[in-house]
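Written below as structure tokens is the structure these notes are about.
The values are calculated or read from the model by the stated rules, or taken from the named source; none is laboratory data. Keep in mind it's a predicted model, so treat the numbers as computed, not measured. Here the Cβ positions follow ideal geometry from the backbone for every residue, glycine too, while neighbour counts run over all protein chains shown. Just so you know, the surface numbers come from the protein's heavy atoms only, side chains and all, with ligands and any DNA or RNA stripped out. Shrake-Rupley method; radii C 1.70, N 1.55, O 1.52, S 1.80 Å.
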Amino acid sequence: MTSDASAAGDPVETVETEAGTARVIWHRAKRARLVLAVSHGAGGGVEARDLRALADALPGHGVTVALVEQPWRVAGKKVAPAPRTLDAGWRGVWPTLAGAGLPVISGGRSAGARVACRTAAELGAHAVLALSFPLHPPGRPEKTRAAELLGAGAPTLVVQGGNDPFGRPAEFPEGGYELVEIPGGDHGFAVPKRAETGQEQALTLLTDAVTRWAAALG
């Protein structure tokens, strides 16, 4: 493991995993009571608007945010590997995420949300945050991934765009999780320019929902 700093001055650690070298970018709270670890999806990195918004907002509420770059992304590859390889990368980073002895919320967006759900129970995650959970491929509702979400085995919050082609809120099955809708949001939580909810407001809705939920976890 090595430490470095990002261009913005955020502490960075590289972690060797079975799937290759991962990277953790820390946004630390002064008096942290929780760690929120979140990874990216298959089509982008930790620069995603929702991940950056959480990293900016939550440390002020006692939650350290760890943005995790999967090994394939660190290596500069453009195509994500198979789910089992993504899970292996996440498992390999977990000891670093849990190293401070604080409860860790396992989270991610899109494919990263699936990883968080699949591995939460075995890793002992305190809770799960699923951003833009890809309930099914676009136009293929019969290819449901609901079992991954329902099998997380920990308190779970889903934050979903109202117009997400990978699963609109109304398509989600009943279960022991909380779901918050971002009106008009697509899979990346982008909202149309003429939408009643503007882009900044949409991200505030997201960060407020996660802040409230995290506070209630105890």
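Just a few scattered comments:
- Matching residues in the stretch 94-122 - criterion: being assigned to a strand (DSSP E or B) and of a type outside the set (A, V, I, L, M): SER106, GLY107, GLY108, ARG109
- Selected residue [assigned to a loop (DSSP other than H, G, I, E, B) and open to solvent by 30 Å² or more (accessible area, probe 1.4 Å)] from GLY60, GLY76, GLY41: GLY76
- Positions within the stretch 146-192 being buried (at least 18 other Cβ atoms within 10 Å of the Cβ), touching a helix residue (DSSP H, G or I) at 6+ places or on another chain (Cβ under 6 Å) and within 16 Å of ALA121 (Cβ to Cβ), in sequence order: GLU148, LEU149, ALA152, ALA154
- Test: ALA88 is crowded, with 16+ Cβ neighbours inside 10 Å and either within 15 Å of ALA120 (Cα to Cα) or among the polar types (S, T, N, Q) (or both): yes
- Among the conditions (1) farther than 22 Å from VAL210 by Cβ; (2) open to solvent by 30 Å² or more (accessible area, probe 1.4 Å), the only one that GLY20 does not satisfy is (2).
- Residue match in the stretch 199-209 (condition: assigned to a helix (DSSP H, G or I), of a type in the set (Asp, Glu) and within 25 Å of VAL35 (Cα to Cα)): yes
- Exactly one residue among VAL74, VAL115 is at pLDDT 95 or above, of a type outside the set (Phe, Trp, Tyr) and more than 30 Å from VAL191 (Cβ to Cβ), and that residue is VAL74.
- Scope the stretch 79-93; condition out of contact with any strand residue (DSSP E or B) (no Cβ under 7 Å at 6 or more places or on another chain), assigned to a helix (DSSP H, G or I), farther than 23 Å from VAL63 by Cα and not polar (S, T, N, Q); matching residues: PRO83, ARG84, LEU86, ASP87
- When the stretch 148-184 is filtered for residues that are within 16 Å of HIS136 (Cα to Cα) and in contact (Cβ under 8 Å) with a residue 60 or more places away in the chain, only VAL159 remains.
- The residues on offer are ALA66, ALA29, and the sole one that is surrounded by fewer than 20 Cβ atoms within 10 Å (Cβ to Cβ) and either under 17 Å from the mean Cα position of the chain (by Cα) or in a loop (DSSP other than H, G, I, E, B) (or both) is ALA29.
- On inspection, ARG109 does not qualify as closer than 19 Å to TRP213 by Cβ, at pLDDT 95 or above and surrounded by fewer than 21 Cβ atoms within 10 Å (Cβ to Cβ).
- The stretch 94-115 residues that are within 19 Å of VAL46 (Cβ to Cβ), paired with ones that are aromatic (Phe, Trp, Tyr) and assigned to a helix (DSSP H, G or I) (beta carbon under 9 Å, 6 or more apart): VAL104/TRP94; SER106/TRP90; SER106/TRP94; GLY108/TRP90; GLY112/TRP90; VAL115/TRP90
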